[in-house]
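Student: The following block contains the structure, expressed as C-alpha cells.
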C-alpha cells in the first residue's frame, strides 16, 4: 500500500457483498452436506435442502433481532468465543472436504497435507485482505458458478432421468427431517458468519438488509441447493458399489454420474471453487470473531491465527471419516443456542434499562 | 548553501547587484545557454535574462527591446508593473520581487527584465521551445477513430484536450513535482463533474511526492498509485486525447506532464484496461463483440498453458479418447515432462517478443525467420517439443497481443507463470487456488477510492463491464 494513500487499513465491504459471499458458500455447504455427508434420505436429498430454512428459523429470528440493536460487550465476547470455535471447526471441515475432492479426482497417492496446506494458506491470505476482497470474491464467484453449473447441466441433459427422483420421500419422512436439521447446522453459519462480519453487534443494521440476510438469502440458498441436488439426483450412476457411500456420492457430485467424462471439467472447477470459497468464508468469520475478542490484533494476524488450529483438527476429521455426520449434528444446537442466548441477553438488558428509565 | 542564499535574495534596485547574482546562479560564463543583455530603455539601464533556444529571439527584438528603447516608452519613476503595461508589446507579462521566481520563470523559457531603480523584475512570456508536431499514436492504434496522439509538450497536450472538451468547466491546475529538479504537471478535470474527494486526494498525493526528480507521467504514476507492489496498474496511461477527453467527461481526472506524451487517468477499474480506444467509435454490437474477443484473449493467455499442463499431467480422464491419443502420440518422442516443454516454449516466446521490441526495424524480418524456423520447425523436428505445444504457445501469444493495454499484457505474462506452476503441481485444484487468490487481491485493490473490479464487484448497473450499451442509453455521461 502506498504510504500516500488514505485508503490504507481494513476497508469494510458493503454489507450486500458479504451477504452474497455467505449465501454462495452456504449453498455449496448445504449441497455438499446433503449429497455426501448425510445420505439417509437417498434420492430425496433435494427435499432436505428445501426444508433446511425451517430448521434454521429460530436461529434466523435471533439473528434478525440481534442485528437490529447494539450488543453489549460481555454478550458479544461470549458469543464470539463460541463462534470462533465453531468456525474453526467449520473451516477445518471445509478444508478436509476440498482436499478430499482433489485427492479423489486426481491425487490419490499424494499426502493429504500437500493438498490441505495451499488451500489453508490461500484462505488465510484472502481473509487477511479484508472486507472488499471477501465481498468481491463472493460476487465474482456468484457471477461464474451459475454458468459452470449450466454448462455441466446442458452437457448431461440427455442422461437425466426424472424417474430417479421417485419415490419422492426417498428414505422416509423421518430421514428427510433429520437430514434437514443436519443441513441446518451448516446453513446456520450464514447468519452467524454475517453477524460477525457485520461487526458482531457494534452497530444497528437497517431493516432491509436484516430482512434480506435473515429471510431472502436462506430461501434462495435452499432453492439453489435443492435445484442442484435434484439435477444431480436425476443422473444415472455408473458406480457399481453400495449406493450409500461417500465415494459414490462424490462420484455423483464431481463426475456427473454416468455422463460423458468431459463434463467433469466444469464440475471439478465448480466444486473446487465452491469448497474453497467456503474455506474463505469460515476462515474470515473465525478471524473476525478473534478480532472482536482481541481488537489489538490486526486482521492479518487474526486470519493466520485462525488458520493454525485447523491443522490440529484435520486428523480428527480424517479419523471420523463418514462420521462427520455426527459432528454436523452438533452444529445446529450450538449455532442456534449461541444466537438465541445472546438475543435473550440483549432483550433482558433492554427490558431492565427500560424499567430503570421509568 | 550559497546558492540557496542567492535564490532567497529579493530583486535589488541596483542593476549590477542583480547581474552579479544571476551570473552566480546560472554559472556564467561557464554556462553558454544563459544570456544576460544590458540595454538602455527610456534613459534607464535594463538587464534582459533568458535561456537561448527557449525564447523566440524575433519576439524579444520586436516586443521587448524595440518598444522599450523608444524615448517616451515609460516615465522616469515608473515601477516594473507600469513598464510591463506601457512599454512591452506583450499581453502575458507579470512582475515579481523574488529572485527565486524570476529564475524559475527563466527556466520555464520566459524572459526576465530587470530595470535600474525597480525592486521588481518583469517576466515576459516569449516562449518558443522546440517540440515535435502532433503525430499518430504509437501504442494505441485504432481502425476507426481519431489518429492524433499527445506530444511531449504539456502546452500542446492541454490544447489538444481543450479542442475536444469545449467547456469553461475544464480546469487545469499546475503542479511542480520533484524536490530537486521540479517537473511541471497539470491536473485536468471538469469542474462539477469530477469527484471532489478524488480531486483533493490526487492534489494531496502530488504535493507530497518526496522524490528528487520526476521526469514523466510513468514515474509519477509509480509514486502516487495506491498499491505500488501490485502487478496491475491502478492508473491508465493513454496517448490519445479523445480517450482522455472521454474519461474527463465521465468525471475522472487526467494528469499531463512536461516531456510525457501520455495522460494519466484516475480513478480507473480493471475494465478500463480491457477496453480499447475505438470501442466507442464503433456501433455497440461491434464494440461488444470485439470486447468479448479481447476478454477471450486474456482468458486464453492466462489459462491455456496451465490448463493444458494440468490436464495432461493429472486429469487425462476428462479428455475425449481421440484427443488423448493424438496428444500422447505427439509427445511420444519428446524427452521432457510437459512442464519443461511448456517452460522452454514460453521463455523462447518471451525472448522473441522482447527482442522484437528492441530490434532495429531493418533487421526485424530476420527475427521472424529465427522464431518461425529455429524455434518452431527445428524444435519439433529435433523432438524437443511436440507440435501441439506450438499451437498452445501460439494461441497464448495471440491472446496476449489482444490485450489493449501494454502494462496489463506484461502483468498477464507474469501471472501465467504462476498459474502454470500451480497447474503443474496441483492440477486444476492449483489453477482454481491461484485464481481465487488473484481474484481476491484484485477485489481488495482500490484506485483513488474506486474498487478495482467495479462494476463486477461490487456490482453496479451504471457502468459498462464487457457489453457496450447503445449510445442512446449513455446520455447521462456528459452533463
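Here, each number is a calculation from the coordinates, and none is a lab measurement. Since the model is a prediction, treat every value here as computed from it, not as a measurement. Ideal geometry is used to build each Cβ from the backbone, glycine not excepted, and the neighbour counts take in all protein chains shown.
Student: To make sure I understand, if each residue's beta carbon is the centre and we count other beta carbons within 10 Å, what order do B:110, B:69, A:202 fall in, fewest to most? Don't skip to the end; give the middle numbers.
Tutor: Values: B:110 24, B:69 14, A:202 11.
With the fewest neighbours first, B:110, B:69, A:202 line up as A:202, B:69, B:110.
Student: How long are the three semi-axes of the equivalent ellipsoid for the range B:233-303, computed from the Cα gyration tensor as the root of 5 times each eigenvalue, in whole Å, largest first? List each step's numbers first, then the result.
Tutor: Details: eigenvalues 112, 46, 21 Å².
The three semi-axes for the range B:233-303 are 24, 15, 10 Å.
Student: Taking only DSSP H segments of four or more residues, each worth -39500 (n - 2.57), what value at 222 nm results for chain A once the sum is divided by all its residues, to the nearest 500 deg cm²/dmol?
Tutor: Working: 13 runs with 259 residues, N = 358.
Taken over chain A, the calculation gives -25000 deg cm²/dmol.
Student: Where does each of A:345-352, B:395-402, B:269-276, A:133-140 land if you order them by average Cβ count within 10 Å, highest first?
Tutor: A:133-140, B:269-276, B:395-402, A:345-352
Student: Using just the helices of chain B, give the 222 nm mean residue ellipticity in deg cm²/dmol: DSSP H runs with n ≥ 4 each add -39,500 (n - 2.57), and the total is spread over all residues, rounded to 500.
Tutor: Values: 15 runs with 201 residues, N = 479.
So the helix-based figure for chain B works out to -13500 deg cm²/dmol.
Student: Using only alpha carbon positions, build the gyration tensor of the range B:2-124, then give the equivalent ellipsoid semi-axes as the square roots of 5 times its eigenvalues, largest first, whole angstrom.
Tutor: Numbers: eigenvalues 92, 52, 31 Å².
So the three semi-axes of the range B:2-124 are 21, 16, 12 Å.
Student: Taking only Cα atoms, what is the 0 to 90° angle, nearest 10, from helix A:246-255's long axis to the longest principal axis of chain A?
Tutor: Computed tilt is about 90 degrees.
Student: For A:283, B:247, A:215, which order do you get if you count the other beta carbons within 10 Å of each Cβ and list the fewest first? Don't skip to the answer; put the middle values down first.
Tutor: Details: A:283 33, B:247 22, A:215 13.
Exposure proxy ranking, most exposed first: A:215, B:247, A:283.
Student: Using only Cα atoms, what is the ratio of the radius of gyration of the range A:279-358 to 2.2 N^0.38 Å? It would help to have the intermediate numbers written out before the result.
Tutor: Numbers: Rg = 17.8 Å, N = 80, 2.2 N^0.38 = 11.6 Å.
Against the compact-globule rule of thumb, the ratio is 1.53.
Student: Further question on the same structure: Given N residues in chain B, what is its alpha carbon radius of gyration divided by 2.2 N^0.38 Å? List each step's numbers first, then the result.
Tutor: Numbers: Rg = 29.7 Å, N = 479, 2.2 N^0.38 = 23.0 Å.
Expressed relative to 2.2 N^0.38 Å, the Cα Rg reads 1.29.
Student: I've got another one for you. Count, for each residue of A:267-274, the Cβ atoms from other chains sitting within 10 Å of its Cβ, then give me the mean as a whole number. Don't jump to the answer; show the numbers that get you there.
Tutor: Numbers: counts 1, 7, 6, 1, 1, 10, 5, 1.
For this peptide, the per-residue mean of nearby foreign Cβ atoms is 4.
Student: Shielding by partners for A:120-133, please: the mean number of other protein chain Cβ atoms within 10 Å of each residue's Cβ. Before the final figure, lay out each step's value.
Tutor: Numbers: counts 0, 2, 6, 4, 0, 4, 7, 1, 2, 6, 3, 2, 10, 11.
Other-chain Cβ atoms within 10 Å of each residue's Cβ, averaged: 4.
Student: Build a GNM of chain A with springs between Cα atoms under 10 Å: which of A:312, A:225, A:49 gets the top mean-square fluctuation?
Tutor: So, out of A:312, A:225, A:49, the one fluctuating most is A:312.
Student: Compare the peptides B:375-381, B:303-309, A:218-224 by average per-residue count of other Cβ atoms within 10 angstrom and give them in order, highest first. Write down the numbers at each step before the final one.
Tutor: Working: B:375-381: 15.3, B:303-309: 23.7, A:218-224: 20.3.
The packing order, highest mean first, is B:303-309, A:218-224, B:375-381.
Student: In whole angstrom, note down how far apart the Cα centers of the range A:40-103 and the range B:170-236 are.
Tutor: 47
Student: Could you work out the relative contact order of the range B:183-272, using alpha carbon pairs under 8 angstrom and six or more residues apart, expressed as a whole percent? Present the calculation step by step, with values, prior to reporting the outcome.
Tutor: Numbers: 123 pairs, mean separation 36.6, N = 90.
Averaging sequence separation for qualifying contacts and normalising by length gives 41 percent for the range B:183-272.
Student: So, one more: Over the range B:282-451, what is the relative contact order in whole percent, taking alpha-carbon pairs under 8 Å and six or more residues apart? Numbers along the way, then the final one.
Tutor: Numbers: 140 pairs, mean separation 70.3, N = 170.
For the range B:282-451, the relative contact order is 41 percent.
Student: One quarter of the convex hull surface, Cα atoms only: what value does that give for chain A in nm²? Intermediate values should be presented prior to the final figure.
Tutor: Values: hull surface 77.5 nm².
It is 19.4 nm².
Student: Across peptide B:423-435, what mean number of C-beta atoms from other chains lies inside 10 Å of a residue's C-beta? Numbers along the way, then the final one.
Tutor: Values: counts 0, 0, 3, 9, 7, 8, 16, 4, 3, 13, 11, 2, 6.
Mean partner-chain Cβ count within 10 Å for B:423-435: 6.
Student: Please list log₁₀ I(q)/I(0) at q = 0.08 Å⁻¹ for the range B:282-451, using the Debye equation with identical point scatterers on the alpha-carbon positions.
Tutor: Values, matching the q order: -0.29.
Student: Let me ask you something else. Quick one: Debye curve from the C-alpha atoms of the protein assembly as shown, no solvent, what's log10 I(q)/I(0) at q = 0.07, 0.10 Å⁻¹?
Tutor: Each listed q maps to, in turn, -0.69, -1.12.
Student: Now, a different point. How many nm separate the modelled label positions at residue A:77 and residue B:17, each set 7 Å beyond the Cα in the direction of the Cβ?
Tutor: 7.2
Student: Expected output is a single nm value to one decimal: the length gained when fully extending between residue B:321 and residue B:171, i.e. 0.36 nm times separation in residues minus the C-alpha distance. What is it? Working shown, then result.
Tutor: Values: separation 150, 0.36 × 150 = 54.00 nm, distance 6.48 nm.
Value of the extension gain: 47.5 nm.
Student: Here is a follow-up. When chain A is treated as a GNM, springs tying every alpha-carbon pair under 10 Å, which of A:331, A:161, A:210 comes out with the largest mean-square fluctuation?
Tutor: Judging by the Gaussian network model, the answer is A:161.
Student: Taking neighbour counts of Cβ atoms within 10 Å as a proxy for exposure, in what order, fewest first, do B:151, A:31 appear? If you can, show how the numbers build up before the last one.
Tutor: Numbers: B:151 20, A:31 26.
With the fewest neighbours first, B:151, A:31 line up as B:151, A:31.
Student: If you consider only alpha-carbon coordinates, what radius of gyration and Dmax does the range B:182-235 have, in Å?
Tutor: For the range B:182-235, the Cα-based Rg and Dmax read 12.0, 34 Å.
Student: While we're here: Assuming R0 = 51 Å, what is the FRET efficiency of residue B:8 and residue B:469, from their Cβ-Cβ distance, to the nearest 0.05?
Tutor: Values: r = 58 Å, r/R0 = 1.13.
In this case the efficiency is close to 0.30.
Student: Another question, then. Run through all the Cα pairs of the range A:40-128 and give the fraction in each 5 Å bin from 0, expressed as whole percent.
Tutor: 3, 10, 12, 13, 16, 15, 16, 9, 4, 2, 0
Student: Distances over 20 Å make up what percent of all Cα-Cα pairs in the range B:154-268?
Tutor: Details: 2280 of 6555 pairs.
For the range B:154-268, the share of Cα pairs beyond 20 Å comes to 35 percent.
Student: Can you give the relative contact order of chain A as a percent, counting alpha carbon pairs under 8 Å and 6+ residues apart? Walk me through the numbers before you get to the answer.
Tutor: Numbers: 549 pairs, mean separation 137.4, N = 358.
About 38 percent, as a whole number.
Student: Report, in cubic angstrom per residue, the convex hull volume of the C-alpha atoms of the range B:320-400.
Tutor: Numbers: hull volume 7.5 nm³, N = 81.
Taking only Cα atoms, the range B:320-400 has a hull volume of 92 Å³ per residue.
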